[in-house]
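One structure below.
Read-outs: derived from the displayed coordinates by stated rules, not from any lab. Being a predicted model, the structure only gives us computed values, none of them experimental. Neighbour counts run over all protein chains shown; Cβ positions are idealised from the backbone, glycine included.
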Amino acid sequence: MSALAVQSLYKIFGNRADEAVRRLADGAPRAEALAGLPATAAVIDATFEVRPGEIFVVMGLSGSGKSTLIRTLNGLLRPTSGSVRVDGVELTSLKPAALRKLRRDKISMVFQHFALMPHRTVAENAGYALEVAGRPKAERRERAMEALRMVGLTEWADHLPHDLSGGMRQRVGLARALAAGTDILLMDEAFSALDPLIRREIQDQLLELQAELGKTIIFITHDLNEAMRLGDRIAVMRDGRIVQIGTAEEILTDPANGYVAQFVADVDRTRILTAASVMEKPHQVLDVSAGPRVAAKALRETQTSVVYVTGPGKRFLGTVTEDEVLRALRENRTTLDGYVSTEVRTVTEDTSVADLFADCAESRHPVAVLDDRGRLAGVIPRITLLSALASATPDEPAEPASAEPADVALVAGKETPA
Ligand SMILES: Nc1ncnc2c1ncn2[C@@H]1O[C@H](COP(=O)(O)OP(=O)(O)OP(=O)(O)O)[C@@H](O)[C@H]1O
Ligand SMILES: [Mg+2]
């Protein structure tokens with residue numbers, strides 16, 4: 001079951017909201033659809049599900065409806081129409097007391113400017129949600145201290161907030177949410193006010209916590225790199241509508257429309273694209289039981305200087321070079337066993353392209369990409385990496401005609417009947 005499910009959700013501010021929903025339902029742009037109506041459409045027809053343990057990022061420019069959307073997820077705002085379910089419970093069906101209880105037990109929120117209470121210690125601030133929930137003092141202290149440990153603030157527990165830097169205060173905000181012990185965290189631009197380096201640090205910390213605790217996190221940001229770094233999936237919002245939902249890689253490589261493409265134009269693709277997305281099918285893969293004659297034929301046919309060799313269960317063993325094939329032939333061997341070199345670099349499918357550079361540069365032969373069972377999934381020749389990077393760089397001016405494409409064009413010209 002999904003941790004959170006949103007179906008055909010609309011949030012209209014102002015008057016004649018139902019009329020606004022009717023006009024927007026057929027997909028018309030919001031400015032056009034609402035012309036003449038005293039209404040603002042903040043969220044239009046949003047549908048998505050968030051899986052337990054997922055970091056689901058909502059990204060979009062200012063005014064695109066992110067904060068409104070997140071506030072409907074914990075019932076702070078009531079949808080104009082549509083449904084929000086948390087652990088299968090429909091929020092719109094809950095009475096105010098039940099809604100408050102659900103907020104307390106299941107959902108915590110962290111904002112951009114987290115308001116700490118200045119006359120209470122860091123630990124008291126961290127345990128505040130538990131105080132509101134009426135938990136005894138000893139338990140509050142214990143859970144607050146545990147949460148402060150998780151965000152690296154143990155030593156600051158008995159300080160007052162004004163002793164802390166901005167980044168540390170934001171971590172107290174996070175600790176408060178963690179101490180509350182809810183499964184779902186809603187984070188609205190929680191790191192946006194921080195300096196870039198501090199911000200990176202706290203992002204890493206969130207990812208570590210997530211790996212440890214498996215919280216379900218809805219994270220709002222207008223920063224694309226942050227979205228790509230944190231999000232298991234990302235929803236891109238524009239003018240109240242969700243225009244695409246996908247992994248960082250899907251959004252980069254297959255943007256739903258020109259708007260998304262432009263939005264992601266500046267992102268550092270080498271950190272998002274993985275070995276799996278640039279690798280090629282290896283030309284020659286032989287089982288280690290194959291003879292050197294077969295290997296020699298394979299090398300001739302593919303005009304390459306190396307074959308990739310696998311063993312039992314198709315596990316990757318290494319490569320055999322031209323020279324070694326010749327040696328095996330001279331030595332009258334019937335298999336490649338004993339001629340396999342493990343010198344070739346190997347990487348896993350999820351290695352980022354940025355981390356491939358060194359391996360590709362230092363490897364004489366195409367780098368081998370292995371799947372999680374150690375089987376050869378593909379190879380990455382240096383030239384493939386370079387061209388993947390070139391095509392991943394958006395908005396490049398058209399390349400001046402190089403020798404190669406010109407030749408191709410000539411051949412094509414010849415073949416065209418005049
Ligand atoms: N309480 C409200 N009353 C009327 N209009 C509102 C209200 N809250 C938000 N809006 C409008 O709804 C739209 C979406 O606002 P929202 O705050 O959700 O955007 P956002 O994506 O969070 O923007 P930002 O990045 O600036 O925080 C905006 O046009 C905003 O002016
Ligand atoms: Mg906002």
*What fraction of the Cα pairs in segment 276-392, stated in percent, has a spacing above 21 angstrom?*
36 percent
*Taking the convex hull of the Cα atoms, report for segment 9-53 its projected area averaged over all directions, in nm².*
3.6 nm²
*Residue exposure sequence - K95, K215 - by fewest surrounding Cβ within 10 Å*: K95, K215
*Give, to the nearest whole percent, the P(r) tail of the chain beyond 29 angstrom, counting all Cα pairs.*
60 percent
*Which of L99, L194, L329 moves most in a GNM of the chain, Cα contacts under 10 Å?*
L329
*How much mean residue ellipticity at 222 nm does the chain get from its helices, if each DSSP H run of length 4 or more adds -39500 (n - 2.57) and you divide by all residues, to the nearest 500 deg cm²/dmol?*
-11500 deg cm²/dmol
*Local charge sum around S108 (other residues, Cβ-Cβ under 11 Å, Lys/Arg +1, Asp/Glu -1)?*
+3
*Count the net charge of all other residues whose Cβ sits under 11 Å from the Cβ of E54, scoring Lys and Arg as +1 and Asp and Glu as -1.*
+1
*If each residue's Cβ is checked for other Cβ atoms within 10 Å, how do I380, I44, I198, I55 rank with the fewest at the top?*
I198, I55, I380, I44
*What percent antiparallel are the DSSP beta bridges of the chain, to the nearest 5?*
55 percent
*Cα-based shape type of segment 35-106, given that a ≥ b ≥ c are square roots of the gyration tensor eigenvalues and the cut on a/c is 1.5*: oblate
_Using Stokes-Einstein with the Kirkwood hydrodynamic radius over Cα pairs, what translational diffusion coefficient do you get for segment 284-333 at 10 °C and a viscosity of 1.306 mPa s, in µm²/s rounded to a whole number?_
148 µm²/s
